[in-house]
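J.: Here it is, the structure in full.
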């Protein structure tokens, strides 16, 4: 999300999470968003900063400036980086959820997640691409059968209205949230509120997942 009126309209749907991308190379880069405006949003919406290989100091600055409630790491951040960032956030008394994203394909080695398990609150499984998400492509969810940890995860990657019934049929209690992004855009960082209203209704009727936008 980036445009104030669009954010305001979406907030009326009360999504559980709302993402702001702080990655300059992204077409959705939220560089000009007003932190004062963000503080007018309902407090139960988890405003989430999305970062790609950002310095820990840079993340801390954004957490403070925008009153972030969650941080999503979408780059090549190591387990040591995640653990150090968590300790820094705790030292500053920020109660922040930490989400680590991974690009998934048929060759993904789920064993690499073991070293991240204690350092983050959630994983996010996205379609593996040469970029950092926003591909609009769905990966083969069957590969998640290889995921053996108990850590809850966000499901991402090209999910639109047509995929949501399939999501609701997934029998995995670790599926915590569904990332609704590019398939609901009319332009980069501009969401179709009517379609998102339908999507959130579908998900909440099933009452098993959160719905980040």
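J.: Of these, 59, 104, 96, which one is more than 12 Å from residue 20 (Cα to Cα), touching a residue at least 40 places away in the same chain (Cβ under 8 Å) and either in contact with a strand residue (DSSP E or B) (Cβ under 7 Å, 6 or more places away or on another chain) or surrounded by fewer than 18 Cβ atoms within 10 Å (Cβ to Cβ) (or both)?
T.: Exactly one residue qualifies, and that residue is 104.
J.: I want to confirm something. Restricting to segment 130-147 and keeping residues that are out of contact with any helix residue (DSSP H, G or I) (no Cβ under 7 Å at 6 or more places or on another chain) and more than 19 Å from residue 189 (Cα to Cα), which single residue is modelled with the lowest pLDDT? Break it down into steps so the answer makes sense when it comes.
T.: Here is the first cut: in segment 130-147, the ones out of contact with any helix residue (DSSP H, G or I) (no Cβ under 7 Å at 6 or more places or on another chain) are 130-133, 135, 137, 139-145.
When the remaining residues are screened for being more than 19 Å from residue 189 (Cα to Cα), the result is 130, 139-145.
On the way: 130: 74, 139: 96, 140: 96, 141: 97, 142: 96, 143: 97, 144: 97, 145: 96.
Ranking the qualifying residues of segment 130-147, first place goes to 130.
J.: In segment 194-207, which residues are surrounded by fewer than 16 Cβ atoms within 10 Å (Cβ to Cβ) and either under 12 Å from residue 13 (Cα atoms) or touching a strand residue (DSSP E or B) at 6+ places or on another chain (Cβ under 9 Å) (or both)?
T.: 194, 197, 198, 201, 204
J.: Among the residues of segment 39-62, write down those that are closer than 20 Å to residue 177 by Cβ and in contact with a helix residue (DSSP H, G or I) (Cβ under 8 Å, 6 or more places away or on another chain).
T.: 41, 42, 45, 47, 49, 51
J.: Would you kindly identify the strands (runs of 3 or more DSSP E) lying entirely within segment 81-193 that contain at least 1 residues that are over 17 Å from the mean Cα position of the chain (by Cα)?
T.: In segment 81-193, the matching strands (runs of 3 or more DSSP E) lie at 185-187.
J.: Can you run down the residue pairs with Cβ atoms below 9 Å, 6 or more apart or on separate chains, where the first is in segment 159-172 and closer than 13 Å to residue 204 by Cα and the partner is modelled with pLDDT of 95 or more and not in a helix (DSSP H, G or I)?
T.: Correct list of pairs: 164/178; 164/180; 167/155; 167/159; 167/175; 167/178.
J.: If you don't mind, there's one more thing I want to ask. Is it true that some residue in segment 39-46 is touching a residue at least 40 places away in the same chain (Cβ under 8 Å) and either part of a strand (DSSP E or B) or within 14 Å of the chain's Cα centre (by Cα) (or both)?
T.: There is at least one residue in segment 39-46 that is touching a residue at least 40 places away in the same chain (Cβ under 8 Å) and either part of a strand (DSSP E or B) or within 14 Å of the chain's Cα centre (by Cα) (or both).
The values are calculated or read from the model by the stated rules, or taken from the named source; none is laboratory data. Everything numeric in this text was worked out from a predicted model, so none of it was measured. Every residue, glycine among them, receives a Cβ derived from its backbone with ideal geometry; neighbour counts consider all protein chains shown.
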